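The structure appears right after this line, and notes come after that.
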Amino acid sequence: MSITSRLFLASSCLAAGLALPADGETATVGCQRAIARANVKFVAASSKAQGKCREAIVRGKYAGACPDAGAAARISHAATKLEAAIAKGCGGADGVCGGDLTGEDTPASVGWSSLCPGFETTLCGNQTIGDCHDIAACLECVDGAAIAQEVALLYDTLALPSTDNRTLNHCQVQLGKSTLKYLSARARLLQQCWDDRLTGKHALVCPDANDTELQLAIGDAELKAQARICKACGGPDAQCDGAGDFTRAEIGFPFDCPAVQPVSGNPCSIWDPTAGLFDIVNCGSCVSNFKGDCPDRLAVPEFVGYPAGCGGGPQPTPTPQPCHATGPISCAGPCSAGQSCLPYQDYVCACFPDGTQPCGDSVFPQCNGTCPPGEQCGSPAPFACACSVPACGSAYYPTCAGTCSGSDLCVPTRINGGEYCQCASDTATCGPSCSPFTGGPCPPAQVCDYNVCGCAAQ
């Protein structure tokens, strides 16, 4: 290393409050390396466990909630290993956080503040950081919240069951599995980059646009993941080019890509899942980058701040926003404060309360609980329940006219290729006869709703 390079490295380390690693690794650097290494291993183990549970649901092998007992046990085991690794690297002479303080690194000495920042709306209990055990607990909370959101994007709205269509089912499996593998692969590459900085090999902020080797490695991991998805979902030519690809509606992917911003690259909202498979795949990768950036940067506060878009804490009260005013389907009227615009049955939009009210009825048996007076249970996505005002038309369903009577619910319906709305009976029942399900017929004078097993009065 040249004298100039050593002087630059020395000034960088001193500015960050670090001891130079050139003459042997200091305890502080050893602690920082242990935190970053343990963190990336937990991210990989947790994402794999959550993904496997969701994959079992997609394959029709499990019908419960995730994480199941097996996934919870694997995540717990990974958390124990995270805590042990950080205690060993940062816990001083006895290798115990907060025990014998001889040689123990304080959170401040390794760049940590006194409060865990949380992740988006997850507050992590306003957890204070007093020793290295608290650092591990903060990482577990933030990592878990970030991974859970990525998993939700990939699995929550899938059009299930799909086991009667093996090609579609395989596509849905690969969409989640390959994207989560990419998340873990990218996290490992970023951690190695930070480790190289800690050991004095460079002074870059990872991922630096000028670090060609890292950029190529991340790009290669992303291309491999996307190639697997395109092979499974991209039709006869196995390309995400629109030629025989599965559509967003067939897969069951959200209308909009979340408006999050990775630390490098474009905001994820530039991808439009309604445009086709290419945008769906890139949306998954982009959101994976963001969800991975937050745990990554949290683990190395000695070098970079926690991105503003990641920070937890109380969120501002939402103001009324147009419901998909510029989205794929134009919905009339704004949502009220405290409501969210959600796609309903893939065809029209509605404004739903933000999920604070439980709901359920005989039309949507996957929901539980009751709705407030004057509202009915709707299902904008599988297993995601919301309560909607039972009005056909106006600001709720602009393709419909009039209102439903009594306890009926307005349901957008597709029959023989046509799309229109019906008033579905709140008390009527029908077996698993609705396409794509199989089973007995609907009662007389009723029709089967396209996407969920609900019957609409003709």
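The values are calculated or read from the model by the stated rules, or taken from the named source; none is laboratory data. Since we're looking at a predicted model, the values are computed, not measured. Because the Cβ atoms are built from the backbone with ideal geometry, glycine has one as well, and the counts that use them run over all protein chains shown.
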- Message: Checking Ala73 against (1) buried (at least 19 other Cβ atoms within 10 Å of the Cβ); (2) over 22 Å from Ser162 (Cβ atoms), only one condition comes out false. Which one?
- Response: (1)
- Query: Condition test on Ala137, is it over 25 Å from Ile57 (Cβ atoms), assigned to a helix (DSSP H, G or I) and small (Gly, Ala, Ser)?
  - Reply: yes
- Note on the structure: Scanning the range 256-272 for residues that are free of Cβ contacts under 8 Å to residues at least 24 places away in the same chain and surrounded by fewer than 20 Cβ atoms within 10 Å (Cβ to Cβ), the one farthest from Cys310 (Cα to Cα) turns out to be Ile270
- Message: Quick test of your reading of the structure: Gly51 fulfils all but one of (1) at pLDDT below 95; (2) buried (at least 20 other Cβ atoms within 10 Å of the Cβ); (3) not hydrophobic (A, V, I, L, M, F, W, C). Name the failing condition by number.
- Response: (1)
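Conditions (1) surrounded by 17 or more Cβ atoms within 10 Å (Cβ to Cβ); (2) closer than 22 Å to Ala145 by Cα; (3) polar (S, T, N, Q), marked per residue:
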site: Val29; (1), (2), (3): yes, no, no
site: Ala44; (1), (2), (3): yes, yes, no
site: Ala56; (1), (2), (3): yes, yes, no
site: Lys61; (1), (2), (3): no, no, no
site: Cys66; (1), (2), (3): yes, yes, no
site: Ala78; (1), (2), (3): yes, yes, no
site: Ala85; (1), (2), (3): yes, yes, no
site: Cys90; (1), (2), (3): yes, no, no
site: Gly98; (1), (2), (3): no, no, no
- Item | Among the candidates Thr167, Thr179, Thr157, residue that is of a type outside the set (Asp, Glu) and surrounded by fewer than 17 Cβ atoms within 10 Å (Cβ to Cβ) | Thr167
- Task: Sort through Ser109, Ser47, Ser76 and tell me the only one that's closer than 22 Å to Phe290 by Cα, hydroxyl-bearing (Ser, Thr, Tyr) and either more than 18 Å from the chain's Cα centre (by Cα) or not in a loop (DSSP other than H, G, I, E, B) (or both).
- Result: Ser47
- Could you list, in sequence order, all residues of the range 121-169 that are of a type in the set (Ser, Thr, Tyr) and farther than 24 Å from Gly64 by Cβ? Thr121, Thr128, Thr167
- Item | Qualifying residue in the range 260-270 (condition: at pLDDT 95 or above, in the same structural domain as Ala85 (by TED's automatic domain parsing) and either over 24 Å from Asp208 (Cα atoms) or β-branched (Val, Ile, Thr) (or both)) | no
- Message: As an exercise: evaluate Val205 against (1) more than 22 Å from the chain's Cα centre (by Cα); (2) free of Cβ contacts under 8 Å to residues at least 12 places away in the same chain and give the number of the one condition it does not meet.
- Response: (2)
- Within the range 118-136, can you find the residues that are closer than 29 Å to Pro258 by Cβ and crowded, with 21+ Cβ neighbours inside 10 Å? Gly118, Phe119, Ile135, Ala136
- Query: Glu104 is checked against (1) closer than 19 Å to Ala38 by Cα; (2) within 31 Å of the chain's Cα centre (by Cα) and fails just one. What number does that condition carry?
  - Reply: (2)
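I'm checking my understanding of the structure. Among residues of the range 233-255 that are assigned to a helix (DSSP H, G or I) and among the hydrophobic types (A, V, I, L, M, F, W, C), which one is surrounded by the most Cβ atoms within 10 Å (Cβ to Cβ)?
Result: Cys233.
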- Query: Cβ-Cβ below 9 Å, separation at least six or inter-chain, first residue in the range 134-155 and outside the structural domain of Cys31 (by TED's automatic domain parsing), second crowded, with 21+ Cβ neighbours inside 10 Å and outside any helix (DSSP H, G or I): which pairs?
  - Reply: none
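A quick yes/no check of all residues on (1) closer than 30 Å to Gly118 by Cα; (2) basic (Lys, Arg); (3) without any contact (Cβ under 8 Å) to a residue 60 or more places away in the chain:
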site	(1), (2), (3)
Ala209	yes, no, yes
Cys230	no, no, yes
Pro254	yes, no, no
Asn289	yes, no, no
Arg297	yes, yes, yes
